[in-house]
1. Between residue 174 and residue 35, 0.36 nm times their residue separation minus their Cα-Cα distance comes to what?
2. Which of 112, 23, 136 moves most in a GNM of the chain, Cα contacts under 10 Å?
3. Provide 58, 41 in ascending order of the number of other Cβ atoms located within 10 Å of each residue's Cβ, fewest first.
4. Which value in Å is the Kirkwood Rh of segment 151-190 over different Cα pairs?
5. Over segment 23-79, what number does the Rg to Rh ratio reach, with both radii from the alpha-carbon atoms and Rh per Kirkwood?
6. Taking the C-alpha atoms of segment 114-163, how large are the radius of gyration and the largest Cα-Cα span, Dmax, in Å?
7. So how do 94, 133 line up by other beta-carbon neighbours within 10 Å, fewest first?
8. Per the helix-only calculation at 222 nm, which mean residue ellipticity applies to the chain, given -39500 (n - 2.57) for every DSSP H run of n ≥ 4 and division by its residues, nearest 500 deg cm²/dmol?
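Just so it is clear, none of the values below were taken in a lab; they were calculated from the coordinates. The structure displayed is predicted, hence computed values, not measured ones. Don't worry about glycine lacking a Cβ; one is built from the backbone with ideal geometry, like all the others, and counts go over all protein chains shown.
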């Protein structure tokens with residue numbers, strides 16, 4: 001795959017850099033969520049950070065296949081300036097939506113025009129994942145802002161992400177009755193490995 005002197009080369013490097021930075025931003029956000037006493041949100045940020053690492057590796061592999069050793073690019077990248085978990089969730093949702101709706105579709109169109117159909121398809125597939133990330137961050141932002149992260153209007157299944165204790169109720173207890181920890185409850189339907 002000869003990427004030399006193409007816009008796709010620059011776009012892949014920007015995508016690699018963007019995914020790498022997103023991973024770090026989410027790791028930093030996870031630390032803030034821990035500080036704010038919200039380990040379940042920290043887990044959401046770390047879960048997403050791991051997926052961003054995988055996206056970065058996909059883009060890096062295309063760059064390697066092209067025999068590229070040093071690629072200079074110029075671009076703007078987000079800096080999350082929020083000082084609390086709620087604002088970091090909002091920033092993350094916004095950034096993911098931009099990748100889904102603007103950045104990656106534009107990169108895919110260029111790749112297709114330059115004859116890199118496989119790269120274009122991969123960018124489109126990752127854009128769809130970014131849409132899921134935006135939805136995830138928006139859902140947790142809404143729950144946190146409405147003070148419903150640990151409370152539901154109806155009985156629902158809850159799971160402690162720390163020890164795995166599950167039960168049905170309208171609200172999660174302050175502390176898990178099994179492990180004694182607080183802040184780890186999540187609706188089972190929102191847990192990453194739900195079987196329901």
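1. Working: separation 139, 0.36 × 139 = 50.04 nm, distance 1.68 nm.
Gain on stretching residue 174 to residue 35: 48.4 nm.
2. 112
3. Working: 58 18, 41 27.
Sorted ascending by nearby Cβ count, the order is 58, 41.
4. On the way: mean 1/r = 0.1020 Å⁻¹.
Computed over Cα pairs of segment 151-190, the Kirkwood hydrodynamic radius comes out at 9.8 Å.
5. Working: Rg = 15.0 Å, Rh = 13.1 Å.
Ratio value, two decimals: 1.14.
6. 17.6, 53
7. Numbers: 94 14, 133 24.
In order of increasing Cβ crowding within 10 Å: 94, 133.
8. Values: 5 runs with 109 residues, N = 196.
Result for the chain: -19500 deg cm²/dmol, rounded to the nearest 500.
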